Amino acid sequence: MNTIGLAYFSNTGNTKALAEAFKSAVEAKGGSLYFSEAAGVDKAAFAAADVWAFGSPASGTEEINDTEVLPLIEALKDHLKGKKVFLFGSYGWGGGAFMDAWKQDMEGRGAVIAAEPVTCLEAPDGAAESAMRQAAEALLG
């Protein structure tokens, strides 16, 4: 069973709610999860996980958070090649286009997208929470 490292940033609580849904699914399956807000992540503990999950809301002009999430990715960039990664987040405008750009950026860095990214408009609904549970189950292997 894979261990998962999850780090997220949330402005309004929407991305945090997605992260919590993922965490609940991992715990329900008895999986191993390192769970942290991106600002307080223990990079060594996170890096030790088999799969990395990153959560960010859309910021600025449809970009991932550049104060917490992007610096974490930059700090781990030497370990991204071949790493299984899962991306998730929320948005309030732009139709979630930030996720497509983020996915392409991570693939360009050598990461392997291990599950389809999950996005939601504002607060997660039942479909988004279900998608997070399904991703967690798939990533546990």
_If residue 11 meets every condition in (1) within 16 Å of residue 73 (Cα to Cα); (2) polar (S, T, N, Q); (3) over 12 Å from the mean Cα position of the chain (by Cα) apart from one, which number is that one?_
(1)
_Options 60, 96, 5, 30; residue that is under 19 Å from residue 125 (Cβ atoms) and either touching a His at 6+ places or on another chain (Cβ under 8 Å) or among the small types (Gly, Ala, Ser) (or both)_ = 96
*Quick check: is even one residue across segment 40-59 modelled with pLDDT under 95 and hydroxyl-bearing (Ser, Thr, Tyr)?*
yes
*asked:* Any residue at all in segment 28-38 that's closer than 15 Å to residue 89 by Cβ, aliphatic (A, V, I, L, M) and in contact with a strand residue (DSSP E or B) (Cβ under 7 Å, 6 or more places away or on another chain)?
replied: yes
*Answer from 64, 73 - the residue that is over 22 Å from residue 131 (Cα atoms) and under 14 Å from the mean Cα position of the chain (by Cα)*: 73
*Please specify each residue of segment 73-86 satisfying the condition of being open to solvent by less than 10 Å² (accessible area, probe 1.4 Å) and on the phi > 0 side of the Ramachandran plot.*
none
*When the residues of segment 87-139 are filtered to those that are touching a Pro at 6+ places or on another chain (Cβ under 7 Å) and under 21 Å from residue 2 (Cβ atoms), which remaining residue is surrounded by the fewest Cβ atoms within 10 Å (Cβ to Cβ)?*
103
_I'd like the full set of residues that are outside any strand (DSSP E or B), within 13 Å of the chain's Cα centre (by Cα) and under 23 Å from residue 74 (Cα atoms), limited to segment 19-40._
19, 38
*Looking only at segment 41-72, and only at residues there that are assigned to a helix (DSSP H, G or I) and among the hydrophobic types (A, V, I, L, M, F, W, C), the one that is surrounded by the most Cβ atoms within 10 Å (Cβ to Cβ)*: 69
*When residues of segment 106-141 are filtered for being within 22 Å of residue 14 (Cα to Cα), in contact (Cβ under 8 Å) with a residue 40 or more places away in the chain, touching a strand residue (DSSP E or B) at 6+ places or on another chain (Cβ under 6 Å) and not in a helix (DSSP H, G or I), how many remain?*
2
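The values are calculated or read from the model by the stated rules, or taken from the named source; none is laboratory data. Treat the numbers as computed from the prediction; the structure is a model and nothing was measured. Counting neighbours? That spans all protein chains shown, and the Cβs are built from the backbone with ideal geometry, glycine included. Calculation scope for accessible area: heavy atoms of the full protein, side chains included, ligands and nucleic acids excluded. Shrake-Rupley method; radii C 1.70, N 1.55, O 1.52, S 1.80 Å.
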